[in-house]
Amino acid sequence: MVTEGSVAEFNRNGRVVVVGASLAGLRAAEALRDEGFAGTLIMIGDERLQPYDRPPLSKQVLLGRTSADRTLLPRRRAINAEWRLGVPAAGLDLSRHRVRLADGREVGFDRLLIATGARARPWPREAEAELDGVFVLRSVGDAAKLERRLAAKPHRVLVVGAGFTGCEVASACRARGIEVTVAERGPAPLVGALGGVVGAVAAELQRKNGVDLRCNITVTELEGDLGGRLKRAHLSDGTVLDVDVAVIALGALRNTEWLTGSGLAAGPRGIACDAGCRAFDVHGIVTDDVFVAGDVARAPHPLFGYQFLSLEHWGNAVSQAETAAHNMVRSGLDRRPHLWVPAFWSAQFGVNIKSVGVPPMGEELLVTQGALAEHRFAAVYGYQGRVIAAVTFDHGRWIDFYSRQIESAAPFPPEFVGVDRRADGMRPVPADFPDPALPTHGPTVTVSGYAPNERRLTFTPART
Ligand SMILES: Cc1cc2nc3c(=O)[nH]c(=O)nc-3n(C[C@H](O)[C@H](O)[C@H](O)COP(=O)(O)OP(=O)(O)OC[C@H]3O[C@@H](n4cnc5c(N)ncnc54)[C@H](O)[C@@H]3O)c2cc1C
């Protein structure tokens, strides 16, 4: 049992291991020191670089405004840690409190924070994925290679998948005057994240900016020349495109495979943890010395019916890391829950997009400010008579207001009157999310079931 005395001893002489040395890992380490943890801190990361920031990789870096190696995360304070970079963790022995590294070494811990995040979903056919000209975008190395290729002015770029990353890549291509085709399996860009109504606005934005957008289409083959360079893409409607660059933007996979057999409730949607960031084991019993934060975590949220949420949000990684660190150095009632309202931003085609809450839970959508046709608006999503999410296009200064609406379960349709409401914002319309049975790459927040070991892949709306 964790007692106050044992926590005090741990805080003086304990040993914390953080696996995953990126945003969540670094912020947790800083918070641990802020909270007074004076023991040994070991940071294990499979990348060789010190922690860096990913959002600029698909924005400023691809636009050529900053180089990929200038994205290191700013440090909030010194953390006095031992860094073990360049070697992945390959296993976890819970009973012996040891992390096994891929090179065979073992690292013991008193408390462990898992922050191994996610990686880009690769193109499924390996030989095609290895063609020169086929890219994914997750790391500094990915961004540097892709930026070099864009700077060399390719003839045409194909973006496979129109989620946030795909849209941002397409936007960067157009800003650099490069011809780009976007192929999307769903009916519109961002449809999995924001639904069909807002997706239609995203489609207009793309076309207005010269993107060759093809929806309801899949890429069936990437074809190379004899030298192994990408030269064509085959689409499901029989079209063949001459392309020399393809960016695979098919969403992310959680880095949980290294925990197979560890006994933790880890799966494709992440590692289940309680509201205090403590990992669950496969029996649904909460551990007290293994914590989880960031993209790899799946945590229940009271605002969303205590269902587990899997998030790919920068702000969540920071906030959850701080909560995990706080709870690692405390016991009992001094611990606090992670109650962050999901929030995400994107920049594409000159438009600043922000969302809060869980848009894919939305049944209906109401434009509350601005107008869809102007590509400048705020809209709220309703679920069972309450506000569950909101999205803004170039109306970001209102996002905190909508966040409070979600937190207070404000009624939907909303009772307030938007200051500049237009004709197309007067009545709710179906939010028009694709059939949840179909795989979508798009949501950056996924409702992933009630049980810690449940591995639901898609959001299933509640039956009414
Ligand atoms: C191109 C891009 C653009 C983005 N833009 C936005 C945006 O505009 N807005 C927004 O809110 N969010 C955005 N995000 C998402 C945001 O960057 C993530 O939510 C955030 O990086 C999550 O941080 P994390 O530390 O949890 O995970 P990660 O950043 O994924 O870091 C996990 C780290 O753990 C390492 N690791 C994995 N497995 C192991 C192992 N076995 N052993 C050791 N180390 C391991 C990984 O290599 C990585 O270094 C973007 C992401 C990308 C890729």
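Please go through the stretch 3-29 and pick out each residue that is assigned to a helix (DSSP H, G or I), in contact (Cβ under 8 Å) with a residue 12 or more places away in the chain and either of a type in the set (A, V, I, L, M, F, W, C) or within 13 Å of the ligand (Cβ to nearest atom) (or both).
Passing the criteria: VAL7, PHE10, LEU23, ALA24, GLY25, LEU26, ARG27, ALA28, ALA29.
Restrict the check to the stretch 264-280 and report whether at least one residue is more than 16 Å from the ligand (Cβ to nearest atom) and over 28 Å from ILE406 (Cα atoms).
yes
Take the conditions touching a residue at least 24 places away in the same chain (Cβ under 8 Å) and surrounded by fewer than 21 Cβ atoms within 10 Å (Cβ to Cβ) and apply them to ASP288. Does it pass?
Working: touching a residue at least 24 places away in the same chain (Cβ under 8 Å): yes; surrounded by fewer than 21 Cβ atoms within 10 Å (Cβ to Cβ): yes.
The answer is yes for ASP288.
With ALA390, ALA379 as the choices, which residue is in a strand (DSSP E or B), in the same structural domain as PRO414 (by TED's automatic domain parsing), more than 17 Å from the chain's Cα centre (by Cα) and within 16 Å of the ligand (Cβ to nearest atom)?
ALA390
Which residues, taken from the stretch 103-139, are free of Cβ contacts under 8 Å to residues at least 24 places away in the same chain, assigned by TED's automatic domain parsing to the domain that holds GLU82 and not acidic (Asp, Glu)?
Once the filter is applied, which keeps residues that are free of Cβ contacts under 8 Å to residues at least 24 places away in the same chain, assigned by TED's automatic domain parsing to the domain that holds GLU82 and not acidic (Asp, Glu), the stretch 103-139 yields GLY104, ARG105.
Tell me, which residue of the stretch 283-306 that is within 16 Å of the ligand (Cβ to nearest atom) and not in a strand (DSSP E or B) is nearest to the chain's Cα centre (by Cα)?
ASP295
Can you confirm whether the stretch 101-121 contains a residue that is outside any strand (DSSP E or B), modelled with pLDDT of 95 or more, within 16 Å of the ligand (Cβ to nearest atom) and touching a Pro at 6+ places or on another chain (Cβ under 8 Å)? First the steps, then the outcome.
So in the stretch 101-121, the residues outside any strand (DSSP E or B) come out as 102-105, 109-110, 115-117, 121.
Add one more test, that the residue is modelled with pLDDT of 95 or more, and what stays is 102-105, 109-110, 115-117, 121.
Pick out the ones that are also within 16 Å of the ligand (Cβ to nearest atom) and you get 102-105, 109, 115-117, 121.
Still in the list and also touching a Pro at 6+ places or on another chain (Cβ under 8 Å): 102.
Yes: the stretch 101-121 contains one or more residues that are outside any strand (DSSP E or B), modelled with pLDDT of 95 or more, within 16 Å of the ligand (Cβ to nearest atom) and touching a Pro at 6+ places or on another chain (Cβ under 8 Å).
When you check TRP314 against the structure, is it of a type in the set (A, V, I, L, M, F, W, C), modelled with pLDDT of 95 or more and touching a helix residue (DSSP H, G or I) at 6+ places or on another chain (Cβ under 7 Å), yes or no?
yes
Being more than 14 Å from the ligand (Cβ to nearest atom), aliphatic (A, V, I, L, M) and either touching a Lys or Arg at 6+ places or on another chain (Cβ under 7 Å) or under 26 Å from GLU168 (Cα atoms) (or both) narrows it down to one residue among LEU366, LEU333, LEU339, LEU309; which is it?
LEU366
Which condition does ASP142 not pass, out of (1) in the same structural domain as GLY20 (by TED's automatic domain parsing); (2) within 12 Å of the ligand (Cβ to nearest atom), if it passes all the others?
(1)
A quick yes/no check of all residues on (1) farther than 22 Å from ILE353 by Cα; (2) outside any helix (DSSP H, G or I); (3) among the small types (Gly, Ala, Ser); (4) outside the structural domain of MET361 (by TED's automatic domain parsing):
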| site | (1), (2), (3), (4) |
| --- | --- |
| VAL182 | no, yes, no, yes |
| LEU194 | no, no, no, yes |
| ALA202 | no, no, yes, yes |
| ARG207 | no, no, no, yes |
| LEU213 | no, yes, no, yes |
| ILE217 | yes, yes, no, yes |
| GLU221 | yes, yes, no, yes |
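Can you name the residue in the stretch 235-263 that is within 16 Å of the ligand (Cβ to nearest atom) and in a loop (DSSP other than H, G, I, E, B) and is also nearest to ASP132 (Cα to Cα) among such residues?
It comes out as ALA249.
The values are calculated or read from the model by the stated rules, or taken from the named source; none is laboratory data. Keep in mind it's a predicted model, so treat the numbers as computed, not measured. Note that each Cβ is placed from the backbone with ideal geometry, even for glycine, and that neighbours are counted across all protein chains shown.
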